[in-house]
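The values are calculated or read from the model by the stated rules, or taken from the named source; none is laboratory data. All figures in this text were calculated on a predicted structure; none of them were measured in a lab. When we count neighbours, we look across all protein chains shown, and the Cβ atoms used for this are built from the backbone with ideal geometry, even at glycine.
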Amino acid sequence: MSTRVGMVSLGCPKNQVDAEHMLYDLKKEGYELVSDAALADVVIVNTCGFIESAKQEAIDTILEFCTLKEEGRIKHVIATGCLAERYRDEMKKEIPELDAVVGLGSNGKIAEIIRDIYRTEESVCAYGSKTDLPLEGGRLISTEPFFAYLKIAEGCSNCCTYCAIPAIRGKFRSRKMEDILEEAKWLAEHGVTELVVIAQDTTRYGEDIYGKSMLPELLKKLCEIDGFKWIRTLYSYPERISDEFIEVLATEDKLVKYIDMPIQHCNGDVLKRMNRAGDEAFLLELIQKLRARIPDIVLRTTLIAGFPGETEAQFEELCEFVKNVGFERLGCFAYSPEEGTKAYSMPDQVDEVTRNRRADIIMQEQMLVTERYNQAQLGKTVEIVCEGFDRYAECYFGRGAADAPEIDGKVFFTSEKKVAVGQYVKVELFDTLDYDLLGTVTE
């Protein structure tokens, strides 16, 4: 009987793509993959190690499966992903029940590592070079069958002072365009209709191998592939959003009129301490340009509240900015001090209570913005992709072009006819429910 392997992947879509590569390799090597990790012989926890809350979630998940191991219900527990890469031997020391700690550069050896564990009955710690992280090869898609992530680059060279990603994943490195297009064609051939383009900084794509940003050119070529209905780009840095990029976004029908640009703050001094470019005037000019060229665009951003040295006046400036700009989608996180980053040892650290209070205030302000936006959608008929049926609410749910998978809101809707997962339908919106919308199919 083949060894059963289950995986729990935590964190961002980039980490999820890494998990899909490992799942493909495991299946290719004859392992039986199970959807319920608690029923597996070997459990892989593909961890996130970005901020404190993500690290705690990863540790709690690992400990949960280690408990099942102690009870004899599973045999081995393996940690992969960013937390394993970041803390390496320290993880094995702190959680001795782990059978393997596998750094990112050894993801490609996951099948071999499991064989070694069974053969030797000894724990394994494997940390290949970060640049050995597989960017090509097969994937076992773990999302809903109609959408998939397309990772176009790995690592980050922006070196924001609060962020540990460059230390964890290494410098920014783009994939060759022909390899990306080949993978995209494969996804389209296998039923993917919504493509979500990702990297730590998508707008930087190509600078390292082509000498300039090639994201606009890549997006145009992706739009030429038959089968895709929606193509969405995440993680676009505001200082690299060029006029060429804006024009492609405005004119290509398959590109949803949605842009995700993490600005983190609006105050120039705070941004400078973060090693981020721009200030409020720059951001306002960019936002005005985007909305003028693409009037129906949906803007998503993320903010950090309570960064070291952030004064009450600078925080109030951020609150006013959020109210005045009216981002259609926004998330705000309390600053998380991360060892090894420059911000960790900066003077004038803001205490945790104040950081959390400020993040909560921003999200309360955003709730009002979202309510106004959602009210303005009522009476409109929008195209929705069905994601499933809620048996308790007795209605379908899905997303429109204004909502990215797994991070934005939902549209709950009724239909007289059966709607299949992945089917696109026209829905008339008639009410709101917190961050979500309610509607009914009109066709």
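Condition check: touching a residue at least 60 places away in the same chain (Cβ under 8 Å) and more than 21 Å from the chain's Cα centre (by Cα). Does Lys14 satisfy that? For Lys14, the condition - touching a residue at least 60 places away in the same chain (Cβ under 8 Å) and more than 21 Å from the chain's Cα centre (by Cα) - is not met. Note on region 1-43: residues that are among the β-branched types (Val, Ile, Thr), touching a helix residue (DSSP H, G or I) at 6+ places or on another chain (Cβ under 7 Å) and closer than 25 Å to Leu234 by Cβ total 1.
Within region 152-195, being part of a helix (DSSP H, G or I) and within 24 Å of Phe50 (Cβ to Cβ) holds for Ile165, Pro166, Ala167, Ile168, Arg169. Residue count for region 376-389 under the criterion of being loosely packed, with under 13 Cβ neighbours inside 10 Å and closer than 14 Å to Asp436 by Cα: the result is 1. Can you say whether Ile384 is among the β-branched types (Val, Ile, Thr) and under 17 Å from Asp296 (Cβ atoms), as far as the supplied structure shows? Considered against the rule, which asks whether it is among the β-branched types (Val, Ile, Thr) and under 17 Å from Asp296 (Cβ atoms), Ile384 comes out as yes. Total residues in region 207-238 satisfying the condition of being more than 20 Å from the chain's Cα centre (by Cα) and within 30 Å of Gly268 (Cβ to Cβ): the figure is 7. Whether a residue is hydrophobic (A, V, I, L, M, F, W, C), within 18 Å of Asn15 (Cα to Cα) and in contact with a Leu (Cβ under 7 Å, 6 or more places away or on another chain) was assessed, and Ile141 does not pass this test. Can you confirm whether region 279-292 contains a residue that is buried (at least 18 other Cβ atoms within 10 Å of the Cβ) and either assigned to a loop (DSSP other than H, G, I, E, B) or modelled with pLDDT under 95 (or both)? No; the residues of region 279-292 include none that is buried (at least 18 other Cβ atoms within 10 Å of the Cβ) and either assigned to a loop (DSSP other than H, G, I, E, B) or modelled with pLDDT under 95 (or both).
Applying a threshold of 8 Å to beta carbon distances and a minimum spacing of six or more residues, or different chains, the list of pairs starting in region 104-122 at a residue that is among the acidic types (Asp, Glu) and ending at one that is loosely packed, with under 14 Cβ neighbours inside 10 Å and modelled with pLDDT of 95 or more is empty. Report whether or not Ile231 is in a strand (DSSP E or B), among the β-branched types (Val, Ile, Thr) and surrounded by 19 or more Cβ atoms within 10 Å (Cβ to Cβ). Yes: the conditions hold for Ile231.
Step by step: first the residues of region 326-381, then only those that are among the small types (Gly, Ala, Ser) and touching a residue at least 40 places away in the same chain (Cβ under 8 Å), then the one that is farthest from Pro295 (Cα to Cα). Which residue is that? Step through it out loud before you land on a result.
Initially, region 326-381 is screened for residues among the small types (Gly, Ala, Ser), giving 326, 331, 334, 336, 340, 343, 345, 359, 376, 379.
Checking the rest, the ones that are also touching a residue at least 40 places away in the same chain (Cβ under 8 Å) come to 326, 331, 336, 340, 343, 359, 379.
Working: Gly326: 14, Gly331: 22, Ser336: 35, Gly340: 42, Ala343: 37, Ala359: 29, Gly379: 19 Å.
Result: Gly340.
Restricting attention to region 234-272, the residues that are closer than 18 Å to Ile384 by Cα, touching a residue at least 60 places away in the same chain (Cβ under 8 Å) and outside any loop (DSSP other than H, G, I, E, B) total 1. Selection of region 410-435 for residues being under 24 Å from Asp260 (Cβ atoms) and modelled with pLDDT of 95 or more yields Lys410, Val411, Phe412, Gly422, Tyr424, Val427, Leu429, Thr432. Do we have Ala343 as farther than 30 Å from Val427 by Cβ and part of a helix (DSSP H, G or I) here? It is true that Ala343 is farther than 30 Å from Val427 by Cβ and part of a helix (DSSP H, G or I). For Leu368, the conditions (1) touching a Phe, Trp or Tyr at 6+ places or on another chain (Cβ under 6 Å); (2) under 21 Å from Tyr258 (Cα atoms) all hold with the exception of (1). Within the set Lys55, Lys69, the sole residue that is surrounded by 15 or more Cβ atoms within 10 Å (Cβ to Cβ) and modelled with pLDDT under 95 turns out to be Lys55.
I'd like the residue in region 403-443 that is part of a strand (DSSP E or B) and of a type in the set (Phe, Trp, Tyr) and, out of all such residues, is farthest from Val385 (Cα to Cα). Here the answer is Phe430. Can you work out which of the residues in region 293-344 that are more than 25 Å from the chain's Cα centre (by Cα) and among the polar types (S, T, N, Q) is surrounded by the most Cβ atoms within 10 Å (Cβ to Cβ)? My answer is Gln314.
For Ser213, the stated conditions hold: it is touching a Gly at 6+ places or on another chain (Cβ under 6 Å), closer than 30 Å to Glu338 by Cβ, not aromatic (Phe, Trp, Tyr) and not in a strand (DSSP E or B).
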